[in-house]
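Trainee: Okay, handing you the structure first.
Just so it is clear, none of the values below were taken in a lab; they were calculated from the coordinates. Because the structure is a prediction, the values reported are computed rather than measured. Neighbour counts run over all protein chains shown; Cβ positions are idealised from the backbone, glycine included.
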Amino acid sequence: MITKSLISIIILLTIILLTTYLLTSSNNPITAVDLRSQFSFHNAYTTPCRTLSPLKVYMYDLPNRFNVAMLSSEFSKSGHDDVIVTVGNVPAWPGGSGLKQQHSVEYWMMMSLLCEDCSKDGEAVRVLDPELADVFFVPFFSSLSFNTHGRNMTDPDTEVDRQLQVDILKFLRQSTYWQRTEGRDHVIPMHHPNAFRFLREEVNASILIVADFGRYSKVMSNLRKDVVAPYMHVMESFVDDDSPDPYNSRTTLLFFRGRTVRKSEGVVRAKLEKILKGYEDVHYEASYATGDSIKAVSYFYIMSKVDSE
């Protein structure tokens with residue numbers, strides 16, 4: 001399960017970036033409005049940038065097809081789209097898929113808000129009254145939707161992903177709270193680089209939770225307003241490292257087995273492979289993150305002095 005520290009880091013970064021973004025948005029090429037206009041789309045509505053810590057988060061109650069119905073058939077049955085999701089009935093995140101697990105931050109953010117005990121002493125608390133909220137969390141599992149519905153981008157199932165994006169955008173535009181800031185105080189997970197790919201430009205003013213900026217323009221996503229969340233580890237944490245000298249007891253300096261051709265046609269990883277070639281205590285191998293390969297390499301990562309995952 002994701003550690004509490006990861007959620008805390010993401011929430012803390014959201015607080016900092018939200019405040020900075022709203023205070024400096026007068027020079028933003030996306031918005032080009034002054035601070036007061038951020039909160040004066042309706043004359044009767046004014047609010048400061050945010051309240052004191054902890055951050056008050058309102059989470060939309062979305063129909064289950066936008067999130068947990070992709071995890072369990074129980075929530076996708078006819079008539080079950082509006083079943084209230086709680087800590088007691090929320091489906092577990094599926095195992096066996098490294099890619100889905102890597103981009104599961106959307107699930108864990110939702111879980112942290114569902115879990116009342118988890119947020120009592122945290123950096124963020126869930127509020128049920130949207131008038132009290134500093135930010136609005138949109139629990140649309142856009143990464144899981146991409147990975148579930150036509151991941152190769154040509155399957156007919158891709159239409160399901162596109163329609164979910166159309167429907168969530170319609171839902172948000174009908175929200176009074178979206179309308180009064182045009183979504184600037186809304187947090188939307190978009191962790192997979194292809195998540196929300198059909199209509200992402202329509203939510204470019206919102207605070208996006210991303211893995212990197214590799215497939216976004218600077219206008220679409222940037223560090224002034226968005227949060228870069230780390231991947232979830234696809235292997236279990238090693239907790240039995242009780243050697244008197246754990247570092248020197250590991251026999252390999254660096255172990256890597258994974259995709260060697262990725263961003264920018266793998267230029268960086270190809271260069272690393274060339275630099276590291278020939279060192280006896282370095283293992284660098286091209287592979288894919290399947291369930292079997294993840295299990296196979298777990299031991300070798302444990303015996304590596306440098307975590308290269």
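Trainee: Do you know which residues across region 121-133 are within 19 Å of the chain's Cα centre (by Cα) and buried (at least 21 other Cβ atoms within 10 Å of the Cβ)? First the steps, then the outcome.
Mentor: To start, the set of residues in region 121-133 that are within 19 Å of the chain's Cα centre (by Cα) comprises 122-126.
Within region 121-133, just Ala124 meets the criteria.
Trainee: Restricting to region 172-189, count the residues that are in contact (Cβ under 8 Å) with a residue 40 or more places away in the chain and either within 18 Å of the chain's Cα centre (by Cα) or in a loop (DSSP other than H, G, I, E, B) (or both).
Mentor: Qualifying residue count, region 172-189: 10.
Trainee: Does Leu169 satisfy the criteria of being under 21 Å from the mean Cα position of the chain (by Cα), free of Cβ contacts under 8 Å to residues at least 60 places away in the same chain and crowded, with 17+ Cβ neighbours inside 10 Å?
Mentor: Here the answer is yes, as Leu169 does meet what is asked.
Trainee: Conditions first: (1) under 17 Å from the mean Cα position of the chain (by Cα); (2) part of a loop (DSSP other than H, G, I, E, B); (3) not β-branched (Val, Ile, Thr). Phe136 passes all but one, so which condition is the exception?
Mentor: With (1) under 17 Å from the mean Cα position of the chain (by Cα); (2) part of a loop (DSSP other than H, G, I, E, B); (3) not β-branched (Val, Ile, Thr) applied to Phe136, the lone miss is (2).
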